[in-house]
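Data first, discussion second: the structure below is written as structure tokens.
The values are calculated or read from the model by the stated rules, or taken from the named source; none is laboratory data. Just so you know, these numbers come straight off a predicted model, no measurement behind them. Cβ: placed from backbone, ideal geometry, glycine included. Neighbour counts: every protein chain shown.
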Amino acid sequence: MKQVWVFAEHQAGQWTSVTGELLVAARNIADQLNGELNVIVCGDQVEELAATLKQWKVDRVYLSQHPELNFYHPLVYTETIVDLVSEYGCPEMILFGATYLGRDLAPAIAARLGTGCAADCCDLKLDENGNLLQIVPGLGGTIFATIVTPFHRPQVATVKPGMLETLGSSENEDKAKALKPVEVVKVEPRFPQNTAAIQLHSVKQKPAKESGLQAAKRIVAGGAGISGPEGWSLLEELADVLGAAVGATRPAVDEGWASHDLMIGQSGKTVRPELYLGIGISGDMMHTIGIKGKGTLIAINQDPKAAIFKQVDYGIVADYRSILPVLIEEVKRREG
Ligand SMILES: Cc1cc2nc3c(=O)[nH]c(=O)nc-3n(C[C@H](O)[C@H](O)[C@H](O)COP(=O)(O)OP(=O)(O)OC[C@H]3O[C@@H](n4cnc5c(N)ncnc54)[C@H](O)[C@@H]3O)c2cc1C
């Protein structure tokens, strides 16, 4: 039977968001292939967490537990997963989140198995022969390229967080209670001889300051058209009165008006706001690919031919400097 594998990444006792997204997509793909969805879990004392995978209708979990797997070790994780493939049969595909961990581990595994790795996919589909269509933005964001690995297995791909659909939370946990427990296969981790070549000295928890943008219901985003810190302050003032988070395009980050954490797009964050207001932004796909969901999109751009106007619900053709002060006053007046 064909197997679809997902590497399930967790942090602080919880699945990362992209793991949930991968599991929904992988279950779907496995069903289309009449195959099984099997999940790799590495860590220390993660048996209880592994049991929660049943809400995604996972068929089997390969569970590798050891105190030294508590934190990611590239060599041990790679060898353990390569061993799994030789012991339990080569899957059709292994899917990873395009996180720091996934971006490191997936290509290492692909190289060891002599196959390809499609990085930072924004969508996954199957073709009529059951090959995985690994869709990535290409040529500086001007096209979507489809990568296929027809001659080698497994097909290895990383998927950018926020690109795929996820399960709703509580409703599915309730439904999951009725599902049968996941079959758990315990596997020994493999410690290669050169493990000491990479040693973990300390772990520093990064403050989750960027989560504000990803969870924001309203976003005011600015681009190169803002042209300077003065205009950026005006944009921040509008965001403030609207109770919105500030987002940015790459040029705005490169200019130093906004921090890298605020960048939306292919190399930045994926957001799902109810309201997105893009100011001085051209609408390049590398930016707009990071805006998901069914929220209302508005753009202010002085160029009536700007690509962003084809992607938004409402467009204002104007110099933002003439619009923002009026908007700020109007919002303040309405807020009383
Ligand atoms: C591999 C790769 C990854 C990338 N990842 C990202 C990413 O994650 N996020 C991202 O944002 N970009 C990313 N980029 C860059 C991306 O391709 C675009 O260059 C970028 O999004 C354009 O930003 P912009 O719209 O701010 O600037 P521009 O394209 O320069 O557009 C500025 C707009 O402002 C308008 N304007 C000018 N003055 C005014 C004014 N006074 N009032 C109103 N409008 C005005 C102009 O008409 C213009 O449309 C990536 C590129 C590559 C190659």
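For the stretch 311-325, give me the residue count where each residue is part of a loop (DSSP other than H, G, I, E, B) and away from the ligand (no atom under 11 Å from the Cβ).
Qualifying residue count, the stretch 311-325: 3.
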State yes or no: is Thr166 part of a helix (DSSP H, G or I) and either under 23 Å from Tyr72 (Cβ atoms) or at pLDDT below 95 (or both)? no
Only one of (1) in contact with a strand residue (DSSP E or B) (Cβ under 9 Å, 6 or more places away or on another chain); (2) more than 13 Å from the ligand (Cβ to nearest atom) does not apply to Ser233, and that is (1)
Selection from the stretch 106-147 of residues within 16 Å of the ligand (Cβ to nearest atom) and in contact with a strand residue (DSSP E or B) (Cβ under 7 Å, 6 or more places away or on another chain) yields Ala118, Ala119, Asp120, Cys121, Cys122, Ile135, Val136, Pro137, Gly138, Phe144, Ala145, Ile147
Contact list, first residue from the stretch 234-250 and at positive phi and modelled with pLDDT of 95 or more, second anywhere and among the polar types (S, T, N, Q) and within 13 Å of the ligand (Cβ to nearest atom), beta-carbon distance below 7 Å, six or more apart or interchain, is none
Note on Glu274: of the conditions (1) near the ligand (Cβ under 8 Å from one of its atoms); (2) surrounded by fewer than 17 Cβ atoms within 10 Å (Cβ to Cβ), unmet is (1)
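Scanning for something farther than 23 Å from Val148 by Cα, among the hydroxyl-bearing types (Ser, Thr, Tyr), in contact (Cβ under 8 Å) with a residue 40 or more places away in the chain and not in a strand (DSSP E or B), does the stretch 53-72 turn up at least one residue?
no
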Residue set Val58, Val46; condition closer than 21 Å to Glu21 by Cα and either among the aromatic types (Phe, Trp, Tyr) or touching a His at 6+ places or on another chain (Cβ under 7 Å) (or both); output residue Val46
Only one of Gly290, Gly223, Gly265, Gly283 is under 30 Å from Gly97 (Cβ atoms), touching a helix residue (DSSP H, G or I) at 6+ places or on another chain (Cβ under 7 Å), near the ligand (Cβ under 9 Å from one of its atoms) and in contact (Cβ under 8 Å) with a residue 40 or more places away in the chain, namely Gly223
Condition set in a loop (DSSP other than H, G, I, E, B) and in contact (Cβ under 8 Å) with a residue 12 or more places away in the chain, scope the stretch 1-31, selection surrounded by the most Cβ atoms within 10 Å (Cβ to Cβ): answer is Ala8
Flagged in the stretch 315-333 as within 18 Å of Thr296 (Cα to Cα) and touching a residue at least 40 places away in the same chain (Cβ under 8 Å), in numbering order, are Leu327, Val331
Counting only residues in the stretch 242-262 that are in a loop (DSSP other than H, G, I, E, B) and crowded, with 20+ Cβ neighbours inside 10 Å, the one nearest to the ligand (Cβ to nearest atom) is identified as Thr249
Does the stretch 148-163 contain at least one residue that is in a strand (DSSP E or B), free of Cβ contacts under 8 Å to residues at least 60 places away in the same chain and within 16 Å of the ligand (Cβ to nearest atom)? no
From the option list Ile308, Ile328, Ile298, single residue qualifying as assigned to a helix (DSSP H, G or I), touching a Leu at 6+ places or on another chain (Cβ under 9 Å) and away from the ligand (no atom under 12 Å from the Cβ) is Ile328
